[in-house]
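Handing you a structure now.
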Amino acid sequence: MKTLRPLLMIGLFTVLAACARTPVARYYVLAGPDNAASAAERTGPLIGLGPVSLPGYLDRPQIVTRAGDNRLELAPRQRWAEPFAESFRRALFEQVAAARPDVRLLNYPWKSSQPLAARVTLDVQRFDRGSDGAVVLLARWSVASDKDGAAPAQRTSRIAVPVSAKADDYDALVAAHAQAVAQLAKEIAAALAP
């Protein structure tokens, strides 16, 4: 029993020392514009945004980067502060709303009984930093008008935002993600032009 007590103490101190050195996780969100007008202040046609789908590999708290064509890496301590799909949808909504203050934008599922002037659906195929260092956002999206009954206008956007910082600068990486969402929002906003 006398030899067991020192071993237990050494084990306890080893565990406590390891816990004391564990780096703290950092949490990130996709930033939207600072100047978005409130929905209550808006007039104009009613536009529905959604549904928006993202690839399953992004459905995790860790930030995902691409290490090659077929290999992904998960950041050990850099995490999204909320489910990434929610962060993406909110940032896209805010960016489109900022680019088009002349419309009333509704997020899917919309609960308005008013008819929509148009609906935007979005299927994100890829959204990560590639092995070349650039954040790539590849999305197929369409705009359908409920007025004329025409087939939705299909589009594909491939947006690459270089990340000039070193590979482990996640602040710069998340900022590049936000820039890619802003560029996609501008393309969508332009397609909604009357």
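From the list L173, L105, which residue is more than 20 Å from D59 (Cα to Cα) and buried (at least 19 other Cβ atoms within 10 Å of the Cβ)?
Numbers: L173 fails: more than 20 Å from D59 (Cα to Cα).
Residue meeting the stated conditions: L105.
Have a look at R119, R155, R140, R100 and point out the one that is under 18 Å from the mean Cα position of the chain (by Cα) and not aliphatic (A, V, I, L, M).
R140
Filter the range 1-59 down to residues that are charged (D, E, K, R) and under 34 Å from the mean Cα position of the chain (by Cα) and give me whichever is modelled with the lowest pLDDT.
Taking the range 1-59 and keeping what is charged (D, E, K, R), we get 2, 5, 21, 26, 34, 41-42, 59.
Next cut, under 34 Å from the mean Cα position of the chain (by Cα) only: 21, 26, 34, 41-42, 59.
On the way: R21: 60, R26: 93, D34: 72, E41: 67, R42: 70, D59: 94.
Among those residues, the one meeting the criterion is R21.
Does A117 fit the bill of being touching a Lys or Arg at 6+ places or on another chain (Cβ under 8 Å) and either closer than 14 Å to T65 by Cβ or among the aliphatic types (A, V, I, L, M) (or both)?
Answer is yes for this residue.
For the range 111-165, how many residues are among the polar types (S, T, N, Q) and at pLDDT 90 or above?
The number of residues fulfilling the criteria is 6.
Six or more apart or on different chains, Cβ atoms under 8 Å: show the pairs whose first residue is in the range 95-123 and under 23 Å from R140 (Cβ atoms) and in contact (Cβ under 8 Å) with a residue 60 or more places away in the chain and whose second is among the basic types (K, R) and part of a strand (DSSP E or B).
If the second residue must be among the basic types (K, R) and part of a strand (DSSP E or B), the pairs left are L122/R140; D123/R140.
Same structure, new question: For the condition more than 28 Å from S164 (Cβ to Cβ) and among the aromatic types (F, W, Y), what is the one hit in Y108, Y28?
Y108
The values are calculated or read from the model by the stated rules, or taken from the named source; none is laboratory data. Owing to the predicted nature of the structure, the values given are computational and were not obtained by experimental measurement. All Cβ positions, even for glycine, are placed from backbone atoms using ideal geometry, and neighbour counts span all protein chains on display.
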